[in-house]
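J.: Before we start, here is the structure in question, set down as structure tokens.
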Amino acid sequence: MAGKKSSSLLLTPIAPEDILLSVVIPVYNEEATLELCVERVRNEETNKEIILVDDGSTDGTPEILDRLEKLPGIRVIRHDRNRGKGAALKTGFQNCLGNVVIIQDADLEYDPQDYKALLKPIIQGQADVVYGSRFLIRHYARVHMFSHYLGNRMLTFISDLFTGINISDMETCYKMFRREIVEKLNLKSKRFDVEPEITAKIAKMKCRIYEVPISYAGRDFDEGKKISWRDGFTALWAIIKFKFTN
């Protein structure tokens, strides 16, 4: 009797010495935090490339990027106008050379020292996709706005309801993928609705998804946070849309 065929897309572990991590950083008006963010990413020990996608910044960000792209292991790609986070991620994904890809915001909310924990299920051949959850037990987290917490939990619940998977943090920035998964995503969303789109598509692909607790130092609107309640409604519509479309 033949064994049951696994629904997993990828089964082969990746040896740690064979990892090349592509860190895709969408950037829009992040002059206050960009250099320190990139320094923290560079200081993390994983073998990596850094892809910075300038999404039409109008502050001092382009000048900072001119300096950063002179450093080894950093590439800068520029949009001629602001197109949104989803569009920046699509550009970054199309230019990745690594066999593993992670999304990194250009602010200081997420800690690159979590990369190794996120990589572990992929290195061990257990996962195709790993989410860094802000709601699992973690090392530290800034006490943040209840409205954001509630919005994230509600959107995650509705996403789980529509996708049929059980994750704790759909809106997390830290999403790590085997490159083969990224190549199949074919992102359509231009802005913050890219988060539910990604989750819907990896659920349809029947990816093996793991979650890992991460540290989180969220910022407020007066510190430059860009997402708003309007983006919540957009994300809700995206959850419904990508349940029925690709």
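J.: Give the range 108-126 a look and list any residue that's surrounded by fewer than 21 Cβ atoms within 10 Å (Cβ to Cβ) and in contact with a Leu (Cβ under 9 Å, 6 or more places away or on another chain), or say none.
T.: The answer is Leu108, Gly125.
J.: Could you say whether any residue in the range 52-61 is among the charged types (D, E, K, R) and in a helix (DSSP H, G or I)?
T.: If we filter the range 52-61 for residues that are among the charged types (D, E, K, R), which is where we start, we get 54-55, 59.
Those left that are additionally in a helix (DSSP H, G or I): none.
Checked against the condition, which is being among the charged types (D, E, K, R) and in a helix (DSSP H, G or I), the range 52-61 yields no hits at all.
J.: If you check every pair at least six apart or on different chains, which have Cβ atoms under 6 Å apart with a residue in the range 80-100 that is over 14 Å from Ile181 (Cβ atoms) first and a residue that is buried (at least 21 other Cβ atoms within 10 Å of the Cβ) and of a type in the set (Ser, Thr, Tyr) second?
T.: If the second residue must be buried (at least 21 other Cβ atoms within 10 Å of the Cβ) and of a type in the set (Ser, Thr, Tyr), the pairs left are Gly86/Ser189.
J.: Also, quick follow-up: Based on what the data block shows, is Ile14 touching a strand residue (DSSP E or B) at 6+ places or on another chain (Cβ under 6 Å) and either free of Cβ contacts under 8 Å to residues at least 60 places away in the same chain or surrounded by 13 or more Cβ atoms within 10 Å (Cβ to Cβ) (or both)?
T.: Working: touching a strand residue (DSSP E or B) at 6+ places or on another chain (Cβ under 6 Å): no; either free of Cβ contacts under 8 Å to residues at least 60 places away in the same chain or surrounded by 13 or more Cβ atoms within 10 Å (Cβ to Cβ) (or both): yes.
Taking the combined requirement at face value, the residue does not satisfy it.
J.: Then there is this: Tally time: how many residues in the range 190-221 are in a helix (DSSP H, G or I) and within 23 Å of Thr91 (Cα to Cα)?
T.: Qualifying residue count, the range 190-221: 11.
J.: Same structure again: Can you tell which of Asp80, Asp66, Asp55 is in contact with a Lys or Arg (Cβ under 9 Å, 6 or more places away or on another chain) and among the acidic types (Asp, Glu)? Working first, answer last.
T.: On the way: Asp80 fails: in contact with a Lys or Arg (Cβ under 9 Å, 6 or more places away or on another chain); Asp66 fails: in contact with a Lys or Arg (Cβ under 9 Å, 6 or more places away or on another chain).
Criteria check complete, one pass: Asp55.
Read-outs throughout are calculated quantities, based only on the coordinates presented, and are distinct from any laboratory measurement. From a predicted model like this one, the values you see are computed outputs, not experimental measurements. Neighbour counts run over all protein chains shown; Cβ positions are idealised from the backbone, glycine included.
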